[in-house]
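Trainee: Sharing a structure here in structure tokens format.
We did not get these values from a lab; they are worked out from the coordinates using the rules stated. Since the structure is predicted, the reported quantities are computational estimates derived from the model, not experimental observations. Cβ placement follows ideal geometry from the backbone for every residue including glycine, while neighbour counts extend to all protein chains displayed.
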Amino acid sequence: MRARLFLAALVLAASPALAAPVEVTRFHTPDSITTLGRNTVAVVAAPGTDPNSLETRTWLQAVEAELAALKFGTATPGAADAVAEVRVEREVQRTERQRGPVSVGVGGATGGWNSGVGLGLGFNLGGGPKARVHTRLVVTIRSRTTGLSLWEGRADNIENEKAKAASVDQAAPRLAHALFSGFPGTSGATITVK
């Protein structure tokens with residue numbers, strides 16, 4: 001029995017942690033999708049985002065790869081039929097410890113010939129506060145000529161801060177893939193992509 005438990009614990013420890021699911025919501029109208037077609041799209045950083053940062057370029061490349069897989073052509077912003085604006089928000093959330101690291105309990109019983117007092121001592125081995133990274137990828141595809149939004153989508157994910165899946169290199173392609181999965185998607189519906 002102990003050998004089985006040890007083997008199960010070893011397998012769990014050796015297996016990579018699974019990434020948390022991604023929640024995806026998209027918006028569009030039938031007319032906007034018809035207008036968008038499969039024309040050329042320029043992928044750009046949203047206003048207020050540094051297009052030259054390494055992190056931003058990683059996200060832009062992930063969105064470009066997904067649009068290319070959907071058979072959209074790529075072009076420079078001035079020559080494209082549409083422009084895909086990419087915005088990423090990442091926030092580290094820390095949860096505070098709910099209880100102290102040590103707890104003490106006292107109990108007693110009396111009755112007949114038996115009486116006793118007990119003392120219990122507990123230690124919290126869960127470590128300190130947990131940090132999680134909330135990442136949101138937002139893409140808005142606009143007509144280059146009119147500036148009107150043709151398709152909008154967002155992908156949200158929360159991972160343990162220390163997990164490999166929380167790194168930008170892994171999160172960018174995963175969230176972009178989830179966002180464009182089943183493109184254009186049902187407008188207004190939120191789906192979960194694993």
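Trainee: Run the paramagnetic zone check for ALA189: 7 angstrom along Cα to Cβ, then residues of the range 30-62 with backbone nitrogen under 15 Å.
Mentor: 30
Trainee: Which of the lysines could a cross-linker bridge to LYS130, judged by Cα under 30 Å and excluding same-chain residues fewer than eight apart?
Mentor: Straight-line reach from LYS130, under 30 Å: LYS162, LYS164, LYS194.
Trainee: Which order do the peptides 44-50, 135-141 take when ranked by the mean count of other beta-carbon atoms within 10 Å per residue, highest first?
Mentor: Highest mean packing first, the order is 135-141, 44-50.
Trainee: Calculate, for SER181 and ASP31, the FRET efficiency according to 1/(1 + (r/R0)^6) with r their C-beta to C-beta distance and R0 25 Å; round to the nearest 0.05.
Mentor: Computed FRET efficiency for SER181 and ASP31: 0.65.
Trainee: Between THR74 and ASN39, what is 0.36 nm times their sequence separation minus the Cα-Cα distance? Round to one decimal in nm.
Mentor: Going from the current span to full extension adds 11.8 nm.
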